[in-house]
1. Hey, among Glu36, Glu118, which residue is free of Cβ contacts under 8 Å to residues at least 60 places away in the same chain, more than 21 Å from the chain's Cα centre (by Cα) and not in a loop (DSSP other than H, G, I, E, B)?
2. Looking at segment 224-258, which of its residues are without any contact (Cβ under 8 Å) to a residue 24 or more places away in the chain and outside any helix (DSSP H, G or I)?
3. With the checklist (1) in contact with an Asp or Glu (Cβ under 9 Å, 6 or more places away or on another chain); (2) among the β-branched types (Val, Ile, Thr); (3) closer than 24 Å to Asp272 by Cα in hand, flag the one item Ile189 doesn't pass.
4. Just checking, which of Ser87, Ser111, Ser64 is exposed (fewer than 15 other Cβ atoms within 10 Å of the Cβ) and modelled with pLDDT under 95?
5. Mind checking which residues of segment 132-168 are outside any strand (DSSP E or B), among the small types (Gly, Ala, Ser) and either closer than 21 Å to Ala29 by Cα or touching a helix residue (DSSP H, G or I) at 6+ places or on another chain (Cβ under 6 Å) (or both)?
6. Please go through segment 298-349 and give me each residue that is touching a helix residue (DSSP H, G or I) at 6+ places or on another chain (Cβ under 8 Å) and β-branched (Val, Ile, Thr), ordered by number.
7. Taking segment 187-223, which residues are in a strand (DSSP E or B) and surrounded by fewer than 19 Cβ atoms within 10 Å (Cβ to Cβ)?
Amino acid sequence: MKKGYLAIAVLALTITIFSMSFKGVEQYAYKQRLSEYGIFEGKISDQQPVKNVMPYSLNSPLFSDYAHKLRFVQLPSGGHVEYNPDSVFQFPVGTTIAKTFYFFNDEKDPSKGRRLIETRILIHEPKGWRSLPYIWNQEQTDALLEVAGGSTNVNYLNEKGEKISFEYTVPNMNQCKSCHDNNGIMTPIGPSARQLNGDHEYVDGTQNQLKKWSQDAMMTGLPQEMSVVPQFVNYSDPAKNIDDRAKAYLDVNCAHCHNKTGPAQTSGLFLDWKTTDKSAYGFYKTPIAAGRGSGNLRYDIHPGKPSESILLFRMQSTDPGVMMPEVSRKRIHAEGVKLISDWIKSMKP
């Protein structure tokens with residue numbers, strides 16, 4: 001009998017050790033330092049990409065507590081994406097996408113330097129996309145893998161000369177996945193025709209990004225006539241049509257969840273740029289289940305009445321149980337709130 005108990009104990013210990021070893025492999029199989037990827041040349045904090053890494057920018061970027069971002073993509077040797085007008089490009093296995101978040105020490109004078117906070121790496125593995133968060137050290141000499149995410153105090157002077165101080169949160173791997181989820185599959189959410197159809201300043205000059213990708217054999221199938229290629233306006237540009245600005249803003253900040261295959265599909269609120277059903281887009285739409293997130297208001301969007309619109313109510317909150325988006329936001333986007341408020345106010349009831 002004692003031998004039986006001993007055998008069971010040994011078996012249990014063996015299973016535990018094996019389980020711990022497996023978790024360790026899962027956690028530590030990836031590069032522990034950003035510098036190990038070889039994406040940048042020279043001083044890594046300068047963020048100068050090597051020859052086969054393409055920098056890119058978005059026409060309308062996601063708001064992330066006023067952080068600036070540097071974006072890069074590296075395709076596998078001989079790899080390319082096929083142009084499509086509707087969705088995020090389908091990158092080949094072996095692709096690496098990097099996005100670095102940073103703040104200038106003084107927004108009015110970038111020459112006073114900047115502080116890099118985090119770099120998020122997306123790797124397209126044979127089994128799918130993997131998101132890895134790297135947090136920059138205080139010395140700004142490298143960024144270290146932190147699968148559990150983290151937080152750090154950020155201090156800087158904004159464009160008005162005001163001192164801004166807040167706790168910046170780096171999402172963990174699961175939180176990253178929650179935003180990049182599409183029908184249960186993790187996918188990039190930024191690089192699409194509508195977002196890349198714009199100019200970028202490259203080392204050898206300014207050029208349309210889609211044309212650059214096509215010229216460098218990174219993309220096939222780009223139409224000769226660029227007028228048929230969709231294009232988002234910059235939602236921060238007051239000279240652009242307010243409907244176009246609002247639609248771009250809601251698509252990039254909300255639609256990665258609020259679409260028919262996204263994590264918020266059960267809400268019935270679809271804010272992607274292709275939605276034409278006004279009710280599904282929120283006009284006079286009552287929430288299915290918003291709890292206190294509804295603010296006791298009746299409609300997601302109440303035309304002509306921004307103060308009675310749930311959408312705006314949630315944008316103006318920093319309460320974790322109310323605010324939208326739910327992840328990677330500690331601050332209110334004042335300019336975004338004004339844009340959506342003005343847009344709703346411009347509508348006829």
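The values are calculated or read from the model by the stated rules, or taken from the named source; none is laboratory data. Quick caveat: nothing in here was measured; it's all calculated off a predicted structure. When we count neighbours, we look across all protein chains shown, and the Cβ atoms used for this are built from the backbone with ideal geometry, even at glycine.
1. Glu36 is the lone residue from the list that is free of Cβ contacts under 8 Å to residues at least 60 places away in the same chain, more than 21 Å from the chain's Cα centre (by Cα) and not in a loop (DSSP other than H, G, I, E, B).
2. Correct list: Gln224, Glu225, Asp237, Pro238, Ala239, Lys240, Asn241, Ala255, His258.
3. Going through the list (1) in contact with an Asp or Glu (Cβ under 9 Å, 6 or more places away or on another chain); (2) among the β-branched types (Val, Ile, Thr); (3) closer than 24 Å to Asp272 by Cα, Ile189 breaks only (1).
4. Exactly one residue qualifies, and that residue is Ser87.
5. Ala148, Gly149
6. Ile301, Ile310, Val322, Val327, Ile332, Val337, Ile340, Ile344
7. Asp199, His200, Glu201, Tyr202, Gly205, Thr206, Gln207, Asn208, Thr220
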